[in-house]
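Heads up, the thing below is written out as C-alpha cells.
The values are calculated or read from the model by the stated rules, or taken from the named source; none is laboratory data. This structure is a prediction, so every number in the text was calculated from the model and none was measured. Neighbour counts are summed over all protein chains in view; Cβ atoms, including those assigned to glycine, are modelled from backbone coordinates with ideal geometry.
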Amino acid sequence: MKTAVFPGSFDPITLGHVDIINRGLPLFDEIILAIGINSDKKYMFSLEDRLRFLEETFKDEPKIKVMTYKGMTVDFCREQNAGFILRGLRNAIDLEFEKSIGQTNFKMSGVETLFFITSSGKSHISSTVVRDVIRNGGDYHFMVPDVVSRNKD
Ligand code: ADP
C-alpha cells in the first residue's frame, strides 16, 4: 500500500490545501492528513475544529484519513508505514523553506517529499491570510472549504 502524509497546521484548511490533496490522490492508495500538535504555537481554531474541518471536507473520499501527531513528521511517517510526504509550493519562499526540510527528512529517514506547484489562481491563498481577513471582518469564503465558512457565520 502506497501511503503519503500531508502534514500541516491547517489553521484553517484552505482551498490551496484541498487543491494539493486532490492532485495527490491519484498517486497514492492512502493520504493521511496529519495535524502536527505544537504546544508552543497559538492557533485561531481549536484542534477539534481543525480536525472536524478536514474530516468534513473529505468525508466522501475513502483514501483520506485524518490524524494528529506530536514530534517529528518522519517518525510519524515511519509509524504509519508512509514512504512519502506531500507538500505544496506557492512561491520561492516556500521552495527555500521546504527544500531544507525535505532534504533533512530524506537524510534522516529515506522518506521522500513530493511537491506540487500550486494551481494557477491559488498561490495567493494561505491560512495566515485567511486568519487576518477573519480577524478584520473581511470576506474569506472564496479561500476556504464550505465547512470553514459555515463555522464562522
Ligand atoms: P505549516 O504549518 O506546516 O506551514 P500549512 O497548513 O500552512 O502548514 O501548510 C501545509 C502545506 O500546504 C505546505 O506545504 C504549504 O506549502 C501548502 N500550502 C498551503 N497553502 C497552499 C496553496 N495556496 N497552494 C499550494 N500549497 C499550499
Checklist entry - Going by the conditions given, is Asp40 assigned to a loop (DSSP other than H, G, I, E, B) and within 22 Å of Arg23 (Cβ to Cβ)? => result no
Item to check | Number of the exception - Thr68 against (1) near the ligand (Cβ under 9 Å from one of its atoms); (2) under 13 Å from the mean Cα position of the chain (by Cα); (3) not hydrophobic (A, V, I, L, M, F, W, C) | outcome: (1)
Item to check | Elements of type helices (runs of 4 or more DSSP H) contained in the range 82-153, each with 2 or more residues being of a type in the set (A, V, I, L, M, F, W, C) and surrounded by fewer than 14 Cβ atoms within 10 Å (Cβ to Cβ) | outcome: 92-109
Next on the checklist: I want to confirm something. Restricting to the range 119-134 and keeping residues that are free of Cβ contacts under 8 Å to residues at least 60 places away in the same chain and not hydroxyl-bearing (Ser, Thr, Tyr), which single residue is nearest to the ligand (Cβ to nearest atom)?
Outcome noted: His124
Checklist entry - Within the set of pairs 6 or more residues apart or between chains, which connect a residue that is within 15 Å of His17 (Cα to Cα) inside the range 88-105 to a residue that is not polar (S, T, N, Q) with Cβ atoms less than 6 Å apart? => result Gly88/Ile20; Gly88/Phe116; Leu89/Leu95; Leu89/Phe115; Leu89/Ile117
Checklist entry - What's the number of the condition Phe53 fails, among (1) touching a strand residue (DSSP E or B) at 6+ places or on another chain (Cβ under 8 Å); (2) within 24 Å of Ser123 (Cβ to Cβ)? => result (1)
Checklist entry - Hey, does the range 13-34 have a residue that's in a loop (DSSP other than H, G, I, E, B), in contact (Cβ under 8 Å) with a residue 12 or more places away in the chain and within 11 Å of the ligand (Cβ to nearest atom)? => result yes
Checklist entry - Hey, among Asp40, Asp75, which residue is modelled with pLDDT under 95 and surrounded by fewer than 17 Cβ atoms within 10 Å (Cβ to Cβ)? => result Asp40
Checklist entry - Can you tell which of Phe116, Phe76, Phe84 is aromatic (Phe, Trp, Tyr) and either more than 24 Å from Asp29 (Cβ to Cβ) or near the ligand (Cβ under 10 Å from one of its atoms) (or both)? => result Phe116
Item to check | Test: residue in the range 50-62 that is basic (Lys, Arg), assigned to a loop (DSSP other than H, G, I, E, B), within 21 Å of Val129 (Cβ to Cβ) and touching a residue at least 40 places away in the same chain (Cβ under 8 Å) | outcome: no
Checklist outcome for this item: For the range 94-113 the number of residues that are in contact with a strand residue (DSSP E or B) (Cβ under 8 Å, 6 or more places away or on another chain), within 15 Å of the ligand (Cβ to nearest atom) and hydrophobic (A, V, I, L, M, F, W, C) is 3
